[in-house]
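One structure below.
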Amino acid sequence: MERRVFLGLTLAGTAAWGLNEYLSGPEDDSRRLPPSVRIAEFDASGKQFVVGDVATVRRKDAEWKKVLPVDQYMVTRRGDTELAYAGEYWNSHDDGLYRCVCCATALFDSKTKFNSGTGWPSFTEPIAKENVAEAPDNSFGVGRTEVSCRRCGAHLGHVFDDGPPPGGLRYCMNSVALKFAPRA
């Protein structure tokens, strides 16, 4: 076999394998989530009542597909982004907490929400640093910081350094990754 043919077949096989992995999704979350994580728990009024270790929420990809509508699945489990100005919460001004749509962990307080002009719900900070995970995201050739739920690994959005003072951060989230709970 010629060297060019061998290299071409190897490259084609690798590309096909990668495409299959992307389309089929992960089998479950156990590869990237530890058995337990430290989470700050909040009551319906937004008051923190405990910080402690809790079991992570881990499901097979097929299970996530069964319990989440397609748009929530594609954003939270596959890292997609909803269209600007299309989400339910981008222009919401109600008082309450924004929880993870996959596991109900408290993520953001409406008191830190602001109008960023981007078309996505934006916050100056998470309700508790323990509840979110941040990781480098260089997809599409752009350096960003991905934000996910620490308890279930759901993709929430990204954090940028163009927010208002004093912190200067903008947690730009997808509405479909969040479930609003009015303050009690």
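Computed from the coordinates by the stated procedures, all read-outs in this text should not be read as laboratory data. Because the structure is a prediction, the values reported are computed rather than measured. Cβ: placed from backbone, ideal geometry, glycine included. Neighbour counts: every protein chain shown.
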Semi-axes of the equivalent ellipsoid for segment 68-171, Cα gyration tensor, largest first, Å
18, 17, 15
Projected onto their principal axes, the Cα atoms of segment 37-128 stretch, largest extent first, over whole-Å spans of 36, 35, 17
Span from the segment 146-174 Cα centroid across to the segment 31-58 one, whole angstrom
18 Å
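In the neighborhood of G52, defined by Cβ-to-Cβ distances under 10 Å, what is the net charge if each Lys or Arg adds +1 and each Asp or Glu adds -1?
On the way: positive: R38; negative: E41, D53, E130.
Result for the neighbourhood of G52: -2.
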Please go through segment 45-144 and write out the trypsin sites (Lys or Arg not before Pro) that DSSP classes as loop and that have at most 16 other C-beta atoms within 10 Å.
K47, R78
